Structure formats: structure tokens, C-alpha cells
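Reading through the C-alpha cells given below for one structure.
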Amino acid sequence: MSVIDEIKDRLDVVEIISESVKLRKAGKSYSGFCPFHSNTRTPAFAVFPDSGTWRCFGACNEGGDILSFVMKKEGWDFPETLAHLAERAGIELEPQSTEQEAADQAQERLRELLESAVTLFRHHLLQTEAGKSVRDYLQQRGITDATIEVFELGYAPDSWDATLNHLLERGYPMEDVQEAGMVSERESGGFYDRFRHRLMFPIRDVRGRMAGFGARVLDPEGVPKYLNSPQTPLFDKGRLLYGLDKARQAIRREDQAVIVEGYMDVIGLHQAGFANAISSMGTALTEAQLRQLKRFSRRIVLALDADAAGVQATMRGLDVARDALDREADPVFNARGLVRHEGRLDADLRIVTLPDGLDPDEVVAQDPEAWKRILGGAQTIVDYVLEVLAAEHDLEDPKAKSAIARQVLPLIDDVANPIERETYRQKLARRLKVDERALSEWRPQAERRTGRQPAEGTGAVEAPARLSATAALEGFCLAILLGDPELLYRIDRSFQSLALERPRERDFESTEHQILFAALRASLAQDETEPIAHWQSNLDEALLQMAHEIKAGLSELDMGSPKLMEELIANFLRLRKHRLENELTHIRFQLEALQEKDDIRPEEERTERMWGLTREVQSLADQRERLDRALTRSSGRLSSSEFAREL
Ligand SMILES: [Zn+2]
């Protein structure tokens, strides 16, 4: 039995969910108020002990197993969740390789070293004469003592070796001091303190572990204004977000993350009670950062300075040719990059600009309500760019019209959702007062996707006896797709021809398979790397290993065989059928619960809900019928499948 199966076996889904949701028994299931969307009237959240699953029938319309519940509730990633639940279940996870263990220990040492530097800088800020002027400066900027405490602000003394000597005295070896990014190397040999006479901001990862420092200059003439730790094993500025360790709870609670430009902005906003603010390290937002944020909320607002630099950065980003997108083109904002990340991550990214000359911390210091109003005016990226361009040009000028269209159309093309794309095209046409068809004249030549890696690997899966029938089916489907993600396009087409929604994560029962399937989808939704390389570089360690194991379950069989393709499609259909049947059962439970006498809801609401569920049953039953017909057609031609009989 795999660790995950064992966890599910040993832990009671009702017990775990009860810790955060008040559940009430209703027939075979339990119901309560969904913890993932705000609701107080209809208990639309259900837990099914038999299958070990949960589902929200309300706004979220989501469900899953015990792992996905804990991941969503705590905002943890898969390995974190696995480790936590394994511990609760009293199961030992596989010991790490000695190599991994050594690397972990080395990182742990660097973290301790950085913690020691935090303490040193805090001492210099709070207890020295030189620190007094820095405290005065902070006070003058309205930063309270409590905030200094929470954000652990510090002062790096005006010295070439005070920090270095302190760390060496503490017993840290020179290599570690260097590896942690606390010193710079002299050309003549030897080392000196990287941070001197600066206000220090400790930067922690999402779990609150030390990663590095940001440092603000204190002399008005000093450059650079902000200096960060260099790239180190712990400090990756393309992944870290300042303040996320303190903001994660608020981001989830408010279902919104606000990205501001500077560390002081984050601190000012938190102090004013807006604890969902974070900032990047002064570079353009990366997909890794957005992916991390999305674990807490898919609604992300980017608050940009109003100064011309911000606006120009937008436009510069747009002018950059498609080929050059991978280069770090501009420091803050890259509209096309963001639109693509947004689509790939299925996030909701919006932009606001701040009033002229004001930083977010100044806005809230004047009037906290003003900050809410500003956020309320957030625009989608395309709308924002269109507005900025429209404000800069004379819209009656035909040349200006074509200039705007040429810039905005490629951006619209990058929007993932076809309905949104169409809406933006109409909006652009209206704004420019041209016929929608005329827009196509300004469209750049259609670009062709570059060649993809040919199909790799062959084989059929041997279903280990211990796996449940569904798990084996899921493994089969994933094993083949991991070897050749593009086969998913053919499966999509088959589903479409049956008027069925294309396969989704939810067709897979277990969280780990859902994540792997999502990684496959994501690998196809991008064209920067080969799909295989993409999923391989975007999975956590534990999942990557799982993916390789699943893939290795395949043995000799001709991948190009039409029979195999047919079997793959049939198995996807079986997964869908299984999912529909589960959903039907769940809805029946809900209907039973609605008929219970002690339901406290008003009659009207219950009737309406009953009708809604009945309609859903009808639609699911229709889909199942289409599936059954398709499966009957194909089963005559399938012979080798061990899986065909399983479901
Ligand atoms: Zn919900």
C-alpha cells in the first residue's frame, strides 16, 4: 500500500474536516457550511465518509479527498500536506537520500547563520547610538515599535567587517558566511560586509524560514537605494515574495492578494490592517511567484506607482517582441508576460495605479478607506493597457488607432479564455470606433508553434494488485500522457465529439493524480519549453518521483498502435463515468438530506435547491448515457485491456 493510501486508510475524513467545519450527519453523508466560500445560510458543503471525499455544492463547486482539503485549508503544498498527515497517521515517510539530507542540513546551517544576523542587526537598531537615528527615521515614517518588532527590522552598522566578524566569532565558517550572501569578495582577495549602514529587512520564505535580506540606503545620496542578498541556495528573487509568511492567512481570508512595489509599502499596509499585501524583490513578477500566491487566492491585484516610469514600463513591455519575452525586459511590469501567466495559472490578475506621487503606505496613512476605494477600481490587464494607451493618443487619428490596435491585439490573443478574448476585441473596436472586422487588418502574421518533441516511450501498464480499479485506470492514463502530453489533444477532441466537457483534474479521484494531470495541462498551455520538460521542471520533488514511478509502470507496447490510443480514450471515458456516478450519488445524498424534517431552511429555498439538484441529476444522467454508448461501441474493438472490465 502506498503511503497516501495508508494515510487515507488510517485517517477519518470526517474527523479531520470536523476540526475546522461544524458537520452534521445527514443520511450517509455529513453537511456543513463550506469553509472556502463565505456562506451562512445554506450548508452546501458535504463530506462522504464512505469514499473519503468532500464536495462543495455551492459557489466553489469543488471537491476532493482528505489531502486536497488540508492543502486548500492550510494553503500548504503537496509535500507539506503529505508530511503533516503522515505524522498524524503515525506513518513514516520514506527516508530521504543521504545526498538530499546533506543538502537540507547545509541549508539549515545557512538559515541559522541568517537568524544570527537578524539578531545582530536588531541589536544595532534597538540598542546602539548609531541605531537611534534609524529609529528616528522609522518613527518619522510612521512605523510603530510593534511593527518594527513584527517585521524584525534592523540596522547594519557602518563598518566593513562588523557583521563578518560577528558571524565568525559565532563559529560559522567563512564559506557559509559567503554562501549565505552576507559578504562580498574584494578584488585583491578577502571579504567585506555586503550590507553597511543600511536599514535591514529580513526576507523569509512562505513558511517563515530565513532566506535573505533587503536593505535600504540611509544616506540620501547612497546607491543603490535598495540592495538585496545575492542569489544563494536560499535566496531566489524569482520565487520569494516579501511578507508572504505574514500575509498568507489574510490573503486566504480575504480571497485577495495585493502586490505592491516596495518593502516599506508592505509594512505600512500591514500596520494599517491590510495584511494581504506583499511585494516582489523589485523585479518583474514571475510565474513561480504567482503560482505560489495562487495557493492562497486566485484573485491577485498589482498596485503600480502612478509615476511615468510605471506606465512606461508597461508600454516598454508591450513593445518587446515575442521572442524577447524571456529576457528580463523591464523591472516591474510586463503586460504580455502577466496575461500569459494568468491564463496558464487560471488566476484573476488585476491592475490599479496609485494616485500621483503617493505610495501605498502614504495613502493608508492619510485615509484607510481610500485604499479600499483604489483596490475597488482594479482593472484587468488588457483594460488597463487599453486605457493607458487611449489616454496617450488622439483616438481620432487613424495612425494612432492602428498603433494602439497593433499593441493591444497581440495582448488580447494571449488571453486564455475565448469569451474574454472576444469581449476584449469588441471593446477595442468600440474604443477605436472601428468595425470589428477592420481590426484583423492590424493583426500581425499568425505565428506558428515550433516543432514538438516526438512521442516518447511505449508500453502498457501492469496494474499492481494493491491498487484500486480507479487508481489503476488513473495510473494508466497518466503513464501514457506523461510520456507524450500531446496525446491529450486527441482525447479532448474525442470528448468534444461526444458533447462532453474535456477531461479535467476532477476526473481523477486522488489529489496527487489531479496535480499530475494539472501539470500536463499546464505543459500544453505554454510554448516556451517542450511539454515533457515543462512538467518535469514544475513538479515538487515528491510528485516528480511519483510521476516517474507511474511512467516506469509502462512496459513494452507500441505507443503508436491505434488500439492503445483507443484504449486510452476509453479509459478516460471510464474515469468520467466514474466521476459522474459519484456525483450522482452525492446529489442523491443531498436530496435525501433536503427532505429531512428538521432542516431549518425556509421551504422556498429548499424547493429551489431541490429543483437545481434535480436538473443537475438530469444533465449528469444524459452525459452518462452518451458515455455508455461510446464505451459500448469501443469495447467490441478492445481486447487487451485489463482495465476495461474493472469499472
Ligand atoms: Zn464552497
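The values are calculated or read from the model by the stated rules, or taken from the named source; none is laboratory data. Keep in mind that what you see is a predicted model, and the values were worked out from it rather than measured. Counting neighbours? That spans all protein chains shown, and the Cβs are built from the backbone with ideal geometry, glycine included.
Data for the structure
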read-out: Flag for residue 104 being among the acidic types (Asp, Glu), closer than 24 Å to residue 505 by Cβ and either at pLDDT 90 or above or outside the structural domain of residue 294 (by TED's automatic domain parsing) (or both); value: no
read-out: Residue among 21, 14 that alone is under 25 Å from residue 256 (Cα atoms) and modelled with pLDDT of 90 or more; value: 21
read-out: Single match in 106, 102 (criterion: within 30 Å of residue 155 (Cβ to Cβ), assigned to a helix (DSSP H, G or I), among the small types (Gly, Ala, Ser) and away from the ligand (no atom under 16 Å from the Cβ)); value: 106
read-out: Residue satisfying condition, being farther than 30 Å from residue 177 by Cα and over 26 Å from the mean Cα position of the chain (by Cα), within set 91, 66; value: 91
read-out: Odd one out for residue 29, checked against (1) away from the ligand (no atom under 16 Å from the Cβ); (2) in contact (Cβ under 8 Å) with a residue 60 or more places away in the chain; value: (1)
read-out: Test result for residue 593, modelled with pLDDT of 85 or more and either within 30 Å of the chain's Cα centre (by Cα) or within 27 Å of residue 44 (Cα to Cα) (or both); value: no
read-out: Selection from region 39-70 of residues that are in a loop (DSSP other than H, G, I, E, B), surrounded by fewer than 20 Cβ atoms within 10 Å (Cβ to Cβ) and near the ligand (Cβ under 9 Å from one of its atoms); value: 39, 58, 59, 60, 61, 62
read-out: Conditions (1) more than 17 Å from residue 627 (Cβ to Cβ); (2) surrounded by fewer than 19 Cβ atoms within 10 Å (Cβ to Cβ); (3) among the hydroxyl-bearing types (Ser, Thr, Tyr): number failed by residue 497; value: (1)
read-out: Residue match in region 351-363 (condition: among the β-branched types (Val, Ile, Thr), touching a residue at least 60 places away in the same chain (Cβ under 8 Å) and in a helix (DSSP H, G or I)); value: no
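Residues are listed down the side, and each one gets a yes or a no for (1) of a type in the set (Ser, Thr, Tyr); (2) at pLDDT below 85; (3) surrounded by 15 or more Cβ atoms within 10 Å (Cβ to Cβ):
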| residue | (1), (2), (3) |
| --- | --- |
| 334 | no, yes, yes |
| 347 | no, no, yes |
| 354 | no, no, yes |
| 365 | no, no, yes |
| 377 | no, no, no |
